[in-house]
Amino acid sequence: KQEVTQIPAALSVPEGENLVLNCSFTDSAIYNLQWFRQDPGKGLTSLLLIQSSQREQTSGRLNASLDKSSGRSTLYIAASQPGDSATYLCATWNTGNQFYFGTGTSLTVIP
Amino acid sequence: DAMVIQNPRYQVTQFGKPVTLSCSQTLNHNVMYWYQQKSSQAPKLLFHYYDKDFNNEADTPDNFQSRRPNTSFCFLDIRSPGLGDTAMYLCATSGYGYTFGSGTRLTVV
């Protein structure tokens with residue numbers, strides 16, 4: 001069974017700093033990997049999806065990379081803003097329509 | 001435009017009183033999912049449908065049922081809610097990646 005781990009569990013940074021969130025997974029046989037953002041009490045908003053054949057995806061200040069062989073993905077956030085404060089979840093999509101979530105990283109950007 | 005819509009956004013129900021949560025999608029995706037998310041935890045899959053083929057997770061309590069009358073709609077029925085069922089319930093579909101609804105926050109009192 002796939003296990004998805006996110007480190008750190010919580011991160012606090014000053015505004016303007018660049019930061020990296022980490023996601024690791026045990027089973028490299030994935031269709032894709034998706035990064036989500038979740039604000040308190042809200043649903044999940046998709047940020048980036050990386051297909052298994054891709055190495056990275058970019059959207060604005062966000063860049064996600066995927067290294068299947070090592071079972072790792074990173075989410076890079078440039079020039080962080082207070083509005084980026086949220087919980088960030090990564091998830092892998094495996095065979096059989098199985099979707100496995102990490103436990104998330106809670107990010108606080110301090111003005 | 002919202003593509004996965006969950007109603008209601010907030011629901012308070014009494015211990016043991018049946019409750020139904022609804023989800024609709026405009027994406028025409030075959031696969032729909034129900035997740036339960038408790039505070040500070042990752043979402044936990046309850047069940048999913050591939051078209052009308054229902055797939056129950058092994059550890060989903062019998063208290064939880066689901067219906068999918070057509071492609072667009074899916075319902076989560078909790079027959080006798082307990083205090084431990086207080087959580088956010090998330091509906092999702094999958095096509096190119098996952099699309100989630102905004103969730104229903106259920107409180108059992």
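The values are calculated or read from the model by the stated rules, or taken from the named source; none is laboratory data. Everything numeric in this text was worked out from a predicted model, so none of it was measured. Backbone-built Cβ (ideal geometry, glycine too); neighbour counts: all protein chains shown. Note: areas computed on protein heavy atoms with side chains; ligands, DNA, RNA excluded. Shrake-Rupley method; radii C 1.70, N 1.55, O 1.52, S 1.80 Å.
Before moving on, here are some points about what is shown:
- Point-charge dipole on Cβ atoms (K/R +1, D/E -1) for chain A, about Cα centre, debye to 20: 200
- Normalising the average separation of contacting C-alpha pairs (under 8 angstrom, six or more residues apart) by the number of residues puts the relative contact order of segment B:1-92 at 36 percent.
- Using alpha carbons only, the radius of gyration of chain A set against its Kirkwood radius gives Rg/Rh = 0.96.
- Percentage relative contact order, segment A:1-40, counting C-alpha pairs under 8 Å, at least six apart: 48
- Along segment B:55-62 the Karplus relation, 6.51 cos²θ - 1.76 cosθ + 1.60 evaluated at θ = phi - 60°, assigns HN-Hα couplings of 10, 9, 5, 4, 9, 6, x, 4 Hz to successive residues, with x for each Gly and Pro.
- Other protein chain C-beta atoms within 10 Å of residue C-beta, averaged over A:43-51: 5.
- Rg/Rh ratio calculated on Cα atoms of chain B (Kirkwood radius): 0.94
- Against the criterion of solvent-accessible heavy-atom surface with a 1.4 angstrom probe, A:59, B:39 sort, most first, into B:39, A:59.
- Global form of segment B:38-92, assessed from the alpha-carbon gyration tensor, a/c cut-off 1.5: prolate
- Sequence of B:88, B:3 from largest to smallest accessible area, 1.4 Å probe: B:3, B:88
- Overall form of the protein assembly as shown per C-alpha gyration tensor (a/c, 1.5; a/b vs b/c): prolate
- Mean separation of Cα contacts under 8 Å, 6 or more apart, over the residue count of chain A: relative contact order %: 37
- Dipole magnitude (debye, nearest 20) for chain B, charges at Cβ of Lys, Arg, Asp, Glu: 280
- Cα-based Lys pair tally, the protein assembly as shown, threshold under 17 Å, eight or more apart or on separate chains: 4
- These residues, B:29, B:48, go from largest to smallest accessible area, 1.4 Å probe, as B:29, B:48.
- Residue A:100 contributes an accessible area of around 40 Å² to the protein surface, as traced by a 1.4 Å probe with all chains present.
- Charge context of residue B:98, other residues only, Cβ under 15 angstrom, K/R +1, D/E -1: +2
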